[in-house]
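Participant: One structure coming up, written as structure tokens, with questions to follow.
The values are calculated or read from the model by the stated rules, or taken from the named source; none is laboratory data. Just so it is clear, the structure is predicted and the values come from calculations on it, not from any experiment. Here the Cβ positions follow ideal geometry from the backbone for every residue, glycine too, while neighbour counts run over all protein chains shown.
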Amino acid sequence: MSVSIHPMSLVDPKAQLAPGVKIGPFCQVGPDVVLGEGVELVSHAVVAGRTTIGPRTRIFPFASIGHPPQDVKYRGEPSTLTIGEDCQIREGVTMNPGTEGGGMITSVGDRCFFLANSHVGHDSRLGNNIIFSNNVMCAGHVTIGNFVIVGGGAGLQQFIRIGDHAFIGGGAGVLSDVIPFGTIRDNPAHLVGLNLIGLKRRGFTREQIHELRRAYRLLFAAEGTLTERVEDVAAEFSEDPLVHEILNFIREGGDKALCTPRDATVAER
């Protein structure tokens, strides 16, 4: 497959373009960019910096990918941005590379979908099959697991963690870590239950969902401390890997507190 470059685009001759790359009109590609097989820049897209983009990813007009981090501590260090395969990066999306203070890399996994005007900040680590709805604001140093959906206009504060299969409601202001399978909403955000619709859509069995709900109720009951409840749940669900995914996430901790229900006495719906 040959490379197709529209004559109205500027592509540095040092850029590495795999077979099948298609670059539409009014695009710009920098010298340290690597575009995988079948990558398409539709039009008016700019890819700069030390950016690597995986096969078959499509980038739409006015996306700004790989320009310097929006961080006052950045001093021009040779940090990188990597984006996986089969991603969709829609109009006006911005993604920045890492910084020395965050490991020098921003990474995005495979099959992710970034709707218009969403942002991925420096030093963030995103897993696979993530959806950012329109205008999602992801600050620097955010870690997001697989199959996470973030609703439109949500703001993710720096250094938070979001576990696999979580759902973030539109407009949420997320200041704390979100457990795997959790659903949060409002600003400031609070935990409102499990992502039951997402679990069903992704093929989790009725029994698996039932056990997750039972563990959730025990974890966020009013009695005892969270540490005590974690150990109680660990003992009761010793053979359940999904429950232990939540428990391990809580035990690992992070720079932020854990997002909890607004009223711990209210059972998950």
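Participant: Pairs, please: C-beta under 7 Å, at least 6 apart or cross-chain, first residue over 13 Å from His244 (Cα atoms) and in region 200-223, second outside any helix (DSSP H, G or I) and among the small types (Gly, Ala, Ser)?
Facilitator: Arg217/Ala267; Phe220/Ala264; Ala221/Ala264; Ala222/Ala264
Participant: Could you grab me the full set of residues in region 202-229 that are surrounded by 18 or more Cβ atoms within 10 Å (Cβ to Cβ), assigned to a helix (DSSP H, G or I) and of a type in the set (A, V, I, L, M, F, W, C)?
Facilitator: Leu212, Ala215, Leu219
Participant: Let me ask something else. Which count do you get for residues in region 22-68 that are assigned to a loop (DSSP other than H, G, I, E, B) and of a type outside the set (D, E, K, R)?
Facilitator: Residues meeting the conditions: 26.
Participant: Separate question: Report yes if some residue within region 119-132 is of a type in the set (Phe, Trp, Tyr), assigned to a strand (DSSP E or B) and either touching a residue at least 12 places away in the same chain (Cβ under 8 Å) or in contact with a Gly (Cβ under 8 Å, 6 or more places away or on another chain) (or both); otherwise report no.
Facilitator: Yes, because at least one residue in region 119-132 is of a type in the set (Phe, Trp, Tyr), assigned to a strand (DSSP E or B) and either touching a residue at least 12 places away in the same chain (Cβ under 8 Å) or in contact with a Gly (Cβ under 8 Å, 6 or more places away or on another chain) (or both).
Participant: Let me ask you something else. Is it the case that some residue within region 50-58 is among the hydrophobic types (A, V, I, L, M, F, W, C), touching a Pro at 6+ places or on another chain (Cβ under 9 Å), under 17 Å from Ala15 (Cβ atoms) and at pLDDT 95 or above?
Facilitator: No, every residue in region 50-58 fails to be among the hydrophobic types (A, V, I, L, M, F, W, C), touching a Pro at 6+ places or on another chain (Cβ under 9 Å), under 17 Å from Ala15 (Cβ atoms) and at pLDDT 95 or above.
Participant: Restricting attention to region 13-48, which residues are buried (at least 22 other Cβ atoms within 10 Å of the Cβ) and either modelled with pLDDT under 95 or within 17 Å of Met95 (Cα to Cα) (or both)? Before you say what the answer is, go through the steps one by one.
Facilitator: Going residue by residue through region 13-48, those that are buried (at least 22 other Cβ atoms within 10 Å of the Cβ) are 21, 23, 27, 29, 33, 35, 39, 41, 45, 47.
Result: Cys27, Val29, Val33, Leu35, Val39, Leu41, Ala45, Val47.
Participant: Sticking with this one: How about region 119-142: which of its residues are under 15 Å from Gly170 (Cα atoms), within 8 Å of the chain's Cα centre (by Cα) and surrounded by fewer than 23 Cβ atoms within 10 Å (Cβ to Cβ)?
Facilitator: Result: Ile131, single match.
Participant: Here's something else I'd like to know. Need pairs with beta-carbon distance below 6 Å; first residue within 21 Å of Met104 (Cβ to Cβ) and within region 36-54, second modelled with pLDDT under 95 and assigned to a loop (DSSP other than H, G, I, E, B); sequence gap 6+ or separate chains.
Facilitator: Listed pairs, sorted by first residue: none to list.
Participant: Among the residues of region 88-105, are any in a helix (DSSP H, G or I) and either crowded, with 19+ Cβ neighbours inside 10 Å or outside the structural domain of Gly30 (by TED's automatic domain parsing) (or both)?
Facilitator: Within region 88-105 (the criterion being in a helix (DSSP H, G or I) and either crowded, with 19+ Cβ neighbours inside 10 Å or outside the structural domain of Gly30 (by TED's automatic domain parsing) (or both)), the answer is yes, since at least one residue qualifies.
Participant: Scan region 143-170 for residues that are crowded, with 19+ Cβ neighbours inside 10 Å and hydrophobic (A, V, I, L, M, F, W, C) and jot them down.
Facilitator: Across region 143-170, the qualifying residues are Ile144, Phe147, Val148, Ile149, Val150, Ala154, Leu156, Ile160, Ile162, Ala166, Phe167, Ile168.
Participant: Could I ask something else about it? For region 235-246, how many residues are under 19 Å from Asp164 (Cα atoms) and part of a helix (DSSP H, G or I)?
Facilitator: Within region 235-246, residues that are under 19 Å from Asp164 (Cα atoms) and part of a helix (DSSP H, G or I) number 6.
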